[in-house]
Structures are given as C-alpha cells and as structure tokens.
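Before any comments, here is the structure.
The values are calculated or read from the model by the stated rules, or taken from the named source; none is laboratory data. Please read all numbers here as calculations on a predicted model, not as lab measurements. Neighbour counts are summed over all protein chains in view; Cβ atoms, including those assigned to glycine, are modelled from backbone coordinates with ideal geometry. When the accessible area is computed, the model is the full protein with side chains, heavy atoms only, and any ligands, DNA or RNA have been set aside. Shrake-Rupley method; radii C 1.70, N 1.55, O 1.52, S 1.80 Å.
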Amino acid sequence: MEITWKKQYEVGNIEIDSEHKVFVEIICKIKEAISQQYDWKQLGYLLEELLKYTDFHFCSEENIMRFCNYPKLKYHREKHHILLMELRQKIHVLQGKDQEKVNELITFLIDWFINHTLKEDMKIARFIENFQISKNP
Ligand SMILES: [Fe+2]
C-alpha cells in the first residue's frame, strides 16, 4: 500500500496539516526501512518515533479543539485514544519479529491516516474556519 502526501489530505488548517505531513513522512521512513535491508533494532527506533509523534500530534490536535470549544472534542478524543491503543498493541506484537505483521501495520497506518484525516480532522478544520469568521466578522 502506497502513501505520499497529496493535496486532498489537506484539511485547511496549517498546524494540523503540517503535523499530518510529518506523520506521513514517518510512515514513509518505516516503509523504506522495510523495503531495504533493515534490522529489527532500526525498525524499533522508527516505531518508537511513530508512537511518540502520534501521541504528540493527538495532544496538539486536542488542544486546538479545546481552544476553539469544539463541540465534539470528547468523541474525537475517544477516537484518538482507541487508535493509539491499537497502535501500541500492534507495535507490541511486532516484538515477535513477524514480517507479515509489519506489512499489516503499514496498511493499518495508511488506512487509519486516510480515514481519520479525511473524515474527523476535516470537521475540526471546518469548525475552526467558522469559529474565526464568527470572531472576526
Ligand atoms: Fe484527529
């Protein structure tokens, strides 16, 4: 499964979009490590980076929602929580060093990124737009 940054992934909020771009870059780095000769230790470092960045990004996005009183913050936070838990589990399973599981993880990440971004994060960006319009009519 392929992933490169596309215009269609932009939600229209500079902060969210720039963080999403980094997220895609990390997925690409993991994919590259897999396609080349890699050792499991190296992959482990990248997965650590992925996990920490995802945690940071969710925290950052939740603060954006807080600061503009986003009405679906609780719902969105729950989604983040579930996704992060799933990611932790999948990475944990990889300690078994199963090549197939690594490919599954990549598919999960891309699928998750595209679905979550296009559906949920887009809603935050639309809300912020309206929020800013109502603040500065
Ligand atoms: Fe999100």
Item to check | Unique residue being open to solvent by 30 Å² or more (accessible area, probe 1.4 Å) and within 22 Å of ILE3 (Cα to Cα) when the list is GLN95, GLN42, GLN89 | outcome: GLN42
Checklist entry - Any idea which of GLU129, GLU100 is more than 16 Å from the ligand (Cβ to nearest atom), open to solvent by 50 Å² or more (accessible area, probe 1.4 Å) and touching a residue at least 40 places away in the same chain (Cβ under 8 Å)? => result GLU129
Item to check | Among residues of region 1-25, those that are of a type outside the set (Phe, Trp, Tyr), in contact (Cβ under 8 Å) with a residue 60 or more places away in the chain and not in a loop (DSSP other than H, G, I, E, B), counted | outcome: 4
Checklist outcome for this item: Going through region 44-58 in order, the residues found to be more than 11 Å from the ligand (Cβ to nearest atom), farther than 12 Å from ILE27 by Cβ and of a type in the set (A, V, I, L, M, F, W, C) are LEU51, PHE56
Checklist entry - Of all residues in region 31-43 being part of a helix (DSSP H, G or I) and of a type outside the set (Gly, Ala, Ser), which is nearest to the ligand (Cβ to nearest atom)? => result LYS31
Checklist entry - Which condition breaks for CYS28 when tested against (1) open to solvent by 60 Å² or more (accessible area, probe 1.4 Å); (2) outside any loop (DSSP other than H, G, I, E, B)? => result (1)
Item to check | Scan of region 59-68 for residues that are touching a residue at least 40 places away in the same chain (Cβ under 8 Å) and away from the ligand (no atom under 13 Å from the Cβ), ordered by number | outcome: CYS68
Next on the checklist: Anything in region 104-126 that is open to solvent by 60 Å² or more (accessible area, probe 1.4 Å) and more than 18 Å from THR4 (Cβ to Cβ)? List them, or say none.
Outcome noted: GLU104, LYS119, LYS123, ARG126
